[in-house]
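What follows is a set of notes on a single structure, which appears directly below.
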Amino acid sequence: MFSRSRRLSTEALNMIRINKCTLVLVMVMCSCCVTSIKLDELKNDKNQLGKTGGGGSSVASTRAASRPASGDRDGAPMAKHVVNKSSADGEETSKTRAVPADAQPSALKSTMSEKRADKCKEKCPANIKECCRNAIAEKSCHNATDDPVSYFVNPSYPNEDWDSSFCDFRVDIKNRNVCQLRLDLEEFSLRGPHKYLGSCRQDRLIISTTLPNGIGITELCGNNTGQHLYFPVDPKAGGSSVALMMMTSQSSRYSWKVRITQIDCLADPQAVAPTGCLQYHTSLSGTIQSFNYAGGMYQSGLDYAVCIKRSVNTCRVEFQQVPGSTFGINSMEGPSLEEGIGRAGEVSCDLVTHDYLHIPGGMLDIGEEILAATGNVEVYTPTAEKFCGRSLSGLAIQEFAEKIKVNDPLGAQDNNTIATPVTSYASGPIIVRFHTDSVTVRERDIGFSIAYQQLGTGCNKNKIRR
């Protein structure tokens with residue numbers, strides 16, 4: 001009995017060994033079959049790609065089709081006015097999303113590098129290298145940045161928006177050498193100021209800094225494409241930042257694209273605007289426009305300075321109305337003033353109304369030929385600093401001086417003060433100031449577009465008595 005049991009046990013063990021070997025053999029055969037099938041599939045794919053020249057486009061298309069679109073997650077389209085994701089999602093905060101380098105073909109990498117380089121050349125200052133490593137991101141509402149150069153755009157840019165919204169954007173200053181921000185309004189189209197009050201009551205840009213002093217403007221609206229602004233910052237105080245807030249309504253369509261540059265005052269001192277200047281022009285000649293000039297009406301309650309970098313070997317600056325442009329700054333006569341007639345002086349521009357363009361030492365330039373005709377004797381030339389009316393007129397200076405001479409500053413004027421250049425020999429910084437009171441009326445208070453030019457001729461000031 002014991003011998004028989006032992007024999008049965010031995011037979012059972014042998015059967016188990018046979019079954020194990022059979023299982024291993026079956027597994028090896030299955031593996032070989034699967035490998036063969038995969039190789040056949042790869043060969044077929046390769047042959048198909050070779051015939052179409054698609055380089056993997058069909059495979060990529062199939063994969064792309066299997067993924068949900070970024071704006072169609074959860075089966076619903078993305079809303080028109082969407083808040084960008086937080087910075088925790090990395091590049092999702094910008095409108096352009098980076099593609100991993102290992103997923104880019106060499107030709108695509110080369111093309112993207114060229115485009116990125118071109119964009120950097122166009123939009124990065126020469127002294128800033130870090131921001132040129134990647135294309136400058138365009139960010140919209142409820143975002144923040146500490147990049148040396150950044151863009152703040154409306155939610156649907158480059159398309160317009162029409163929704164009521166509160167769109168905020170914060171610029172953090174971490175470089176302790178940054179002392180200013182420059183805002184270039186590459187595109188800026190909002191609803192203009194109220195046609196009687198002159199204030200921004202519907203759409204507006206509000207800018208606030210950590211510095212207590214104002215900059216001459218609290219809000220901005222209307223059409224200001226091409227304008228620029230400088231804002232002081234003080235990063236040494238700790239936690240310095242500038243907040244940009246766009247308040248919009250459904251009253252009209254709007255769009256904006258604002259380039260924000262942090263100015264390193266040690267690395268690039270030539271780019272720094274003088275203290276107190278909202279705008280700063282560095283060319284020998286150029287054009288200065290009031291805000292919303294394209295919209296046909298300036299805002300009320302303005303008082304800001306436009307500065308011009310003085311060039312070497314120049315002694316005077318000539319200001320004149322841009323040919324073919326309109327000029328309108330409210331004067332004492334109001335709407336009764338004839339078109340094309342300018343005014344100058346305290347009485348016309350700052351007695352009853354208080355809207356004026358301030359040009360230090362403004363005068364009607366008598367010219368070298370007049371000096372020569374008088375035998376280069378001393379010539380009396382009056383000056384005025386406040387200009388208003390329906391044209392920028394140097395003749396208005398002399399007319400006002402004549403009224404003062406006869407002690408009749410409020411007397412009737414001849415109204416022959418058409419647009420003529422105004423010249424300033426004032427020393428020191430070149431500063432033009434624009435001041436408006438609390439009331440502005442459309443169609444009358446248009447604003448100005450004036451050209452300036454620094455000159456090194458006609459510097460015989462000792463022959464001019466002012």
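The values are calculated or read from the model by the stated rules, or taken from the named source; none is laboratory data. Predicted model only: the values in this text are computed from it and were never measured. Cβ coordinates were reconstructed from backbone atoms using ideal geometry, including for glycine residues, and neighbour counts include every protein chain displayed. Please note that ligands, DNA and RNA were not included when accessible areas were found on the heavy atoms of the full protein model with its side chains. Shrake-Rupley method; radii C 1.70, N 1.55, O 1.52, S 1.80 Å.
Data table
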quantity: Every residue from the range 311-322 that is of a type outside the set (S, T, N, Q), open to solvent by 30 Å² or more (accessible area, probe 1.4 Å) and modelled with pLDDT of 95 or more; calculated: GLU318, VAL322
quantity: Residues that are of a type in the set (Val, Ile, Thr) and either open to solvent by less than 10 Å² (accessible area, probe 1.4 Å) or at pLDDT below 95 (or both), drawn from the range 203-237; calculated: ILE206, ILE207, THR209, THR210, ILE215, ILE217, THR218, VAL233
quantity: Residues being modelled with pLDDT of 95 or more and either among the hydroxyl-bearing types (Ser, Thr, Tyr) or open to solvent by 40 Å² or more (accessible area, probe 1.4 Å) (or both) - total across the range 327-359; calculated: 1
quantity: Subset of the range 439-459 [more than 19 Å from LEU337 (Cβ to Cβ), under 27 Å from the mean Cα position of the chain (by Cα) and part of a loop (DSSP other than H, G, I, E, B)]; calculated: none
quantity: Considering residues of the range 434-450 that are open to solvent by less than 30 Å² (accessible area, probe 1.4 Å) and touching a strand residue (DSSP E or B) at 6+ places or on another chain (Cβ under 9 Å) only, the residue farthest from VAL306 (Cα to Cα); calculated: ASP445
quantity: Failed criterion for SER255 (all others in (1) open to solvent by less than 30 Å² (accessible area, probe 1.4 Å); (2) touching an Asp or Glu at 6+ places or on another chain (Cβ under 7 Å); (3) assigned to a loop (DSSP other than H, G, I, E, B) hold); calculated: (3)
quantity: Count - residues of the range 314-354 that are under 26 Å from ILE215 (Cα atoms), in a loop (DSSP other than H, G, I, E, B) and out of contact with any helix residue (DSSP H, G or I) (no Cβ under 7 Å at 6 or more places or on another chain); calculated: 6
quantity: Answer residue from the range 162-193, given it is modelled with pLDDT under 95 and of a type in the set (Phe, Trp, Tyr) and is surrounded by the most Cβ atoms within 10 Å (Cβ to Cβ) among those; calculated: TRP162
quantity: The range 265-313: number of residues that are assigned to a loop (DSSP other than H, G, I, E, B) and not aliphatic (A, V, I, L, M); calculated: 22
quantity: Some residue of the range 258-276 being under 17 Å from ASP203 (Cβ atoms) and among the aliphatic types (A, V, I, L, M); calculated: yes
quantity: Residue check, LEU266 buried (at least 16 other Cβ atoms within 10 Å of the Cβ) and either within 26 Å of PHE327 (Cβ to Cβ) or of a type in the set (A, V, I, L, M) (or both); calculated: no
quantity: Hey, ILE431 open to solvent by 30 Å² or more (accessible area, probe 1.4 Å) and outside any strand (DSSP E or B) or not; calculated: no
quantity: Members of the range 121-161 that are touching a Ser or Thr at 6+ places or on another chain (Cβ under 7 Å) and at pLDDT below 90; calculated: PRO125, ALA135, ILE136, ALA137
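Residues are listed down the side, and each one gets a yes or a no for (1) closer than 19 Å to TYR230 by Cβ; (2) under 15 Å from the mean Cα position of the chain (by Cα):
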| position | (1), (2) |
| --- | --- |
| ALA144 | no, no |
| VAL149 | yes, yes |
| VAL153 | no, yes |
| SER156 | no, no |
| ASN159 | no, no |
| ASP163 | no, no |
| VAL171 | yes, yes |
| LYS174 | no, no |
| ASN177 | yes, no |
